[in-house]
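All of the numbers you see were taken from the coordinates with simple rules; none came from a lab. Everything numeric in this text was worked out from a predicted model, so none of it was measured. Every residue, glycine among them, receives a Cβ derived from its backbone with ideal geometry; neighbour counts consider all protein chains shown.
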Amino acid sequence: MRKIIAFVLLALLTQIAYSQMPDKFVKAMESKVAMLDSIQTAEGWIDMANAFERIANAEKTQWLPYYYAAFSNVMAGYMMGSGNAMGGDPEKTDPLADKAEKLLNAAEAMEKDNSEIFVVKKMIASLRMMADPMNRYMTYGPVAATALARAKALSPDNPRVYILEAQDKFYTPEQFGGSKTEAKELFLKAYKEFEIFKPASPIHPDWGRSQVNYFLTQF
C-alpha cells in the first residue's frame, strides 16, 4: 500500500511540475520528442542533439533537453559504427561521448536518482568501450554494467533497461556470454513493458519501441 501511495504521489507531483513548464518550452520539446523513434542516420541524430541543446541553453532549469541532447549524441555515435561488437572509430565517437557525458551531468545536477539518466550513462560507457573493445572493455565494461544495474534498481519496469540488456546479449559473442536466445527473451520483456509503461508526461522518455520491433525481426 505504501508503494502505491508513493507512486500516486510521485505521478501527481510530476504532473504538477509538467503543468508549470512554460508553454513555449513544452511545445518545442513535444515536436522533437515525437521524432525520436524515426531518426535513422548519424546526421539526423546530430541535428536532433543540436536542437535539444539549443532548447537546453534557453531553458537552463529544465533537465529534459540536456538529457535528450546527451541521448542524441550517443545515438549518433552508435550510428557511426560503434553500436556493435566489432568496434568503431574512437576519433569520431569519443568526442560525441564526451559531449554526451557533459550534457548528462547537467541533467543529473537537476534530476537525481533517475533511471533514465542511468540508462544513458550506460549507453555512454558502451559507446566508449565499443569504439575499441579489446583495449577498453576492462575500463568501461564495469562502468556500463554498474550504470545499467542502477537504472534497473531505480525503475524495474523501465523498458529501456531491457533493451540495453538485450542488445548486450545480442552483440556479444557466445564465448564471452552473449546469447541470441536470451536476447530475444529480453526484447520480448521490453515489448511487454512498453505495453504497460506510461511516461510521466508527453515529453518524458518513451523512446525504444522501434528498436524493439526491429530486433524482434532479427530472430
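Side notes on the structure shown:
- Spacing of the modelled spin labels on M138 and S179, each 7 Å from Cα toward Cβ, amounts to 2.7 nm.
- Residue-count net charge about A144 - beta-carbon cut-off 9 Å; Lys, Arg +1, Asp, Glu -1: +2
- Karplus-derived 3J(HN,Hα), 6.51/-1.76/1.60, for each residue of segment 211-219, Hz, glycine and proline x: 5, 4, 4, 5, 5, 5, 7, 8, 10
- Rounded to the nearest 500, the helix-only mean residue ellipticity at 222 nm of the chain stands at -24000 deg cm²/dmol, with each DSSP H run of n ≥ 4 adding -39,500 (n - 2.57).
- Other-chain or far-sequence residues with amide H under 5 Å of G88's (modelled H): A131, D132
- P(r) tail fraction, segment 161-219 - alpha-carbon pairs more than 16 Å apart, %: 42
- Put simply, when 52-61, 32-41 are sorted by average Cβ atoms within 10 angstrom per residue, most first, you get 52-61, 32-41.
- Local charge for L164 was computed over the other residues whose Cβ lies under 11 Å away, with Lys and Arg +1 and Asp and Glu -1, and equals +3.
- Hz values of 3J(HN,Hα) by residue in segment 57-63 - Karplus curve (6.51, -1.76, 1.60), Gly and Pro given as x: 5, 7, 10, 6, 9, 9, 7
- The residues neighbouring E30, those whose beta-carbon lies less than 12 Å from its own, together hold a net charge of +1 under the Lys/Arg +1, Asp/Glu -1 convention.
- Which of R136, R160, R128 has the fewest Cβ neighbours within 10 Å, and the rest in rising order: R136, R128, R160
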